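K.L.:
Just dropping this structure here.
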Amino acid sequence: MSHPQVLFARRRPGQTVSLETYLQEGGYQALGGAVGKQAPAALRKLVLDSGLRGRGGAGFPTGQKWSFFPADAPGPKYLVCNCDEMEPGTYKDRELLVADPHALVEGMALAAYALGVTHGYVFVRYDYEDVFRALERAVAEAHGAGFLGERILGTDFGFELHVHGSAGRYILGEETSLLNGLEGVRPNPRLRPPFPAQRGLFGRPTTVQNVETLCNVPHIALHGAEWFKGLALTPGEAGTKLFGLSGHLNRTECFELPMGVPLREVVEVHGGGVRQGRRFKACLPGGASTPYLTAAHLDVPMDFGNLDRAGSRLGTAGVTVFDERTCMVAATLNLLTFFARESCGWCTPCRDGLPYVCYLLERFERGQAGREELALLKAQPAFINQSFCALAQGAMGPLEGLLRHFEQELLDHVTRGGCPFGGA
């Protein structure tokens with residue numbers, strides 16, 4: 001089943017779009033039509049009217065986020081693009097940037113114009129070397145062609161864009177930890193308020209956006225808010241979404257699909273169905289920090305509202321599928337081990353709570369747990385969700401899904417004295 005391609009319209013296997021190709025296929029037309037011709041406030045309103053929501057996981061309305069930014073205030077202001085992307089099962093931003101890096105350059109230039117920003121940074125995951133190279137080349141090409149730098153397209157607007165390679169760790173995906181990392185200090189999350197829009201990078205107003213979010217801005221600027229809303233299959237939603245498929249599927253690739261596409265289509269059509277003819281058991285619908293969905297949810301539309309109502313989240317739309325032979329206790333332990341390792345150690349609920357959840361799940365896998373451990377496991381989300389930032393709260397997603405949908409598997413580990421699926 002084919003769907004309109006917007007973000008992936010210029011994507012070709014094994015190729016990175018050059019500036020020449022980008023221009024030939026309509027690139028930088030949105031920037032040319034906005035800078036010096038459209039008021040920055042009008043562009044901000046257009047993004048607000050489009051219904052674009054953040055594609056990095058939280059789904060906060062982008063135009064509303066921009067409305068908090070002091071665009072007309074004097075002095076330095078910053079735009080930061082988050083390309084840390086270290087959550088298991090999430091790789092959409094890499095696919096987008098390796099294919100079409102100029103889309104991000106143009107999106108950031110437009111956002112900077114709308115927000116009165118003169119300097120921007122792309123914060124790239126440490127092992128995304130191909131992304132780093134593609135972006136540096138695109139920035140150099142755009143600068144040489146007059147789309148970056150001083151007096152862009154002969155106007156008074158100037159914008160400098162820098163590519164910054166991260167030193168690693170998942171915590172840097174949290175926006176205030178990312179800002180600390182850019183400043184060269186320990187990347188702990190910051191206390192809010194003040195929010196980055198008031199005091200962010202180097203103590204100045206800053207907005208942090210995801211790669212996919214910013215890459216939508218040129219298309220909205222070029223085609224309008226109603227066009228963007230019309231791309232979605234669900235009323236009240238807007239745009240397309242990049243879905244990164246992984247796990248027990250015949251086809252594990254990244255696809256651009258309309259917001260609201262049913263989970264069944266994602267799995268059976270684009271993912272080619274569960275591998276080796278096995279049955280679908282569960283999936284993480286939006287990356288490793290989202291609660292599981294089961295076969296009962298296969299007809300749920302994949303969008304922000306419907307997934308919230310289904311007890312999960314769209315998140316990054318990293319869809320990881322598990323087949324019928326999967327031990328969901330072991331799968332959850334694997335995910336929680338990652339989150340526990342990636343804790344920055346700043347707060348007690350995350351630093352001590354996540355390892356304790358791992359300890360309890362290990363006891364189930366080894367046949368050492370009883371109903372007392374089950375009660376302790378059920379009590380953990382209420383404590384851990386009080387963490388300083390969202391890392392530990394996200395880690396509770398798989399655990400909450402396990403307790404909601406697969407409590408019987410936990411009880412089977414108790415009654416059988418170990419993993420009934422042949423685990424540890």
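Where a number appears in this text, it was derived from the coordinates with a stated rule and is not lab data. Small disclaimer: the values here were computed from a predicted structure and weren't measured. Note: ideal-geometry Cβ built from the backbone for every residue, glycine included; neighbour counts use all protein chains shown.
K.L.:
How high is the FRET efficiency from Glu324 to Ala73, r the C-beta distance, R0 56 Å, rounded to 0.05?
P.N.:
0.50
K.L.:
Another question, then. Mind ranking 142-155, 205-218, 230-243 by how tightly packed they are, going by the mean number of other C-beta atoms within 10 angstrom, highest first? Don't skip to the end; give the middle numbers.
P.N.:
Numbers: 142-155: 16.1, 205-218: 26.4, 230-243: 19.8.
Put in order of decreasing packing, that is 205-218, 230-243, 142-155.
K.L.:
Let me ask you something else. State the dimensionless ratio Rg/Rh of region 94-188 (Rg: radius of gyration of Cα atoms; Rh: Kirkwood radius).
P.N.:
0.99
K.L.:
Something else now. Among rounded, prolate and oblate, which fits region 1-130 when a ≥ b ≥ c are the square roots of the eigenvalues of its C-alpha gyration tensor, a/c under 1.5 means rounded, and a/b larger than b/c means prolate? Please list the in-between numbers first.
P.N.:
Numbers: a/c = 1.61, a/b = 1.33, b/c = 1.21.
Prolate, because a/c is 1.5 or more and a/b exceeds b/c.
K.L.:
Also, I was wondering about something else. Could you give the size of the charge dipole of region 40-93 about its Cα centre, using +1 on the Cβ of each K and R and -1 on the Cβ of each D and E, expressed in debye and rounded to the nearest 20?
P.N.:
Charge dipole, region 40-93, about its Cα centre: 220 debye, nearest 20.
K.L.:
Among Pro258, Leu79, Phe304, whose Cα lies farthest out toward the positive end of the dipole of the chain, if unit charges sit on the beta carbon of Lys, Arg (+1) and Asp, Glu (-1)?
P.N.:
Value computed over the given set: Phe304.
K.L.:
In addition: Using Cα-only point scatterers and the Debye equation, what is log10 of I(q)/I(0) for region 333-374 at each q in 0.16, 0.20, 0.32, 0.35 Å⁻¹, rounded to two decimals?
P.N.:
Here log10 of I(q) over I(0) equals -0.41, -0.59, -1.03, -1.12.
K.L.:
Could you pull out which residues in region 38-76 have an amide N less than 19 Å from a spot 7 Å beyond the Cα of Asp156, following the Cα-Cβ vector?
P.N.:
Counting only backbone N, you get 38-44, 71-76.
K.L.:
Related question: Under 37 °C and 0.692 mPa s, how fast does region 188-233 diffuse according to Stokes-Einstein, given a Kirkwood radius computed over C-alpha pairs? Answer in µm²/s, whole number.
P.N.:
254
K.L.:
Over 28 Å between Cα atoms, which of Lys77/Lys229; Lys37/Lys241; Lys37/Lys92; Lys281/Lys378 qualify?
P.N.:
Among Lys77/Lys229; Lys37/Lys241; Lys37/Lys92; Lys281/Lys378, the Cα-Cα distance tops 28 Å for Lys77/Lys229; Lys37/Lys241; Lys37/Lys92.
K.L.:
On each of the three principal axes of the Cα atoms of the chain, give max minus min coordinate, whole Å, ordered largest first.
P.N.:
So the extents along the principal axes, rounded to whole Å, are 74, 47, 36.
K.L.:
Under a plain spin-label model, where a point goes 7 Å from the Cα along Cα-to-Cβ, how far apart in nm are Thr118 and Glu226?
P.N.:
My value for the distance between the label points is 3.9 nm.
K.L.:
Let me ask something else. Using the alpha-carbon atoms, what tilt in degrees (0 to 90, nearest 10) does helix 407-416 show relative to the longest principal axis of the chain?
P.N.:
Approximately 40 degrees, to the nearest 10.
K.L.:
Roughly how far apart, in whole Å, are the Cα centres of region 108-139 and region 247-294?
P.N.:
30
K.L.:
May I ask you to derive the relative contact order of the chain, considering only C-alpha pairs under 8 Å and at least 6 residues apart, and to give it as an integer percent?
P.N.:
16
K.L.:
Largest first and in whole Å, what are the equivalent-ellipsoid semi-axes of region 328-416 based on the Cα gyration tensor, each being the root of 5 times an eigenvalue?
P.N.:
22, 12, 11
K.L.:
Sort Glu362, Glu407 by Cβ crowding within 10 Å, fewest neighbours at the top.
P.N.:
Glu407, Glu362
K.L.:
What number do you get for region 240-323 when its Cα radius of gyration is normalised by 2.2 N^0.38 Å, N = residues? Let's see the in-between values first.
P.N.:
Details: Rg = 11.0 Å, N = 84, 2.2 N^0.38 = 11.8 Å.
With N residues counted in region 240-323, Rg over 2.2 N^0.38 Å equals 0.93.
K.L.:
Please identify, among Val185, Val139, Val98, the residue showing maximal mean-square fluctuation in a Gaussian network model of the chain using a 10 angstrom Cα cutoff.
P.N.:
Judging by the Gaussian network model, the answer is Val185.
K.L.:
Provide the gained length on full extension for the span Ala41 to Glu268, in nm with one decimal, where the gain is 0.36 nm per separating residue minus the Cα-Cα distance.
P.N.:
77.4 nm
K.L.:
Where the centroid of each part is defined by its Cα atoms, how far is region 305-321 from region 389-424 in Å?
P.N.:
Rounded to whole Å, the Cα centres lie 19 Å apart.
K.L.:
Right, here's the next one. Taking only Cα atoms, what is the 0 to 90° angle, nearest 10, from helix 328-342's long axis to the longest principal axis of the chain?
P.N.:
50
K.L.:
If you don't mind, another one. Quick one: order Leu284, Leu191, Leu201, Leu411 by neighbouring beta-carbon count within 10 Å, fewest to most.
P.N.:
Numbers: Leu284 30, Leu191 9, Leu201 23, Leu411 14.
In increasing order of surrounding Cβ atoms, one gets Leu191, Leu411, Leu201, Leu284.
K.L.:
If the chain between Arg199 and Gln24 were fully stretched, how many nm would it gain, using 0.36 nm times the residue separation less the Cα-Cα distance?
P.N.:
That works out to 59.0 nm of additional length.
K.L.:
Taking the Cα atoms only, what angle lies between the long axis of helix 101-115 and the longest principal axis of the chain, rounded to 10 degrees?
P.N.:
That works out to roughly 70 degrees.
K.L.:
Taking R0 as 30 Å, what FRET efficiency do you get between Gln64 and Glu183 from their Cβ-Cβ distance, rounded to the nearest 0.05? Walk me through the numbers on the way to the answer.
P.N.:
Details: r = 26 Å, r/R0 = 0.88.
That pair, Gln64 with Glu183, gives E of 0.70.
K.L.:
Separate question: Subtract the Cα-Cα distance of Ala382 and Tyr359 from 0.36 nm times their separation in residues, and report this length gain in nm to one decimal.
P.N.:
Once the chain is fully extended between Ala382 and Tyr359, it gains 6.5 nm.
K.L.:
Something else about it: Over all directions, what mean area does the Cα convex hull of region 19-230 project, stated in square nanometres?
P.N.:
11.0
K.L.:
Can you compute the helix-only [θ] at 222 nm over the chain? Use -39500 (n - 2.57) per DSSP H run of at least 4 residues, normalise by all residues, nearest 500 deg cm²/dmol. Could you put the intermediate results ahead of the total?
P.N.:
On the way: 17 runs with 174 residues, N = 424.
Using -39500 (n - 2.57) per qualifying helix, the result is -12000 deg cm²/dmol.
K.L.:
Next up: Among Gln393, Leu153, Gln24, flag the residue with its Cα farthest along the positive direction of the charge dipole of the chain, charges on Cβ as +1 for Lys/Arg and -1 for Asp/Glu.
P.N.:
Looking along the dipole axis, the top candidate is Gln393.
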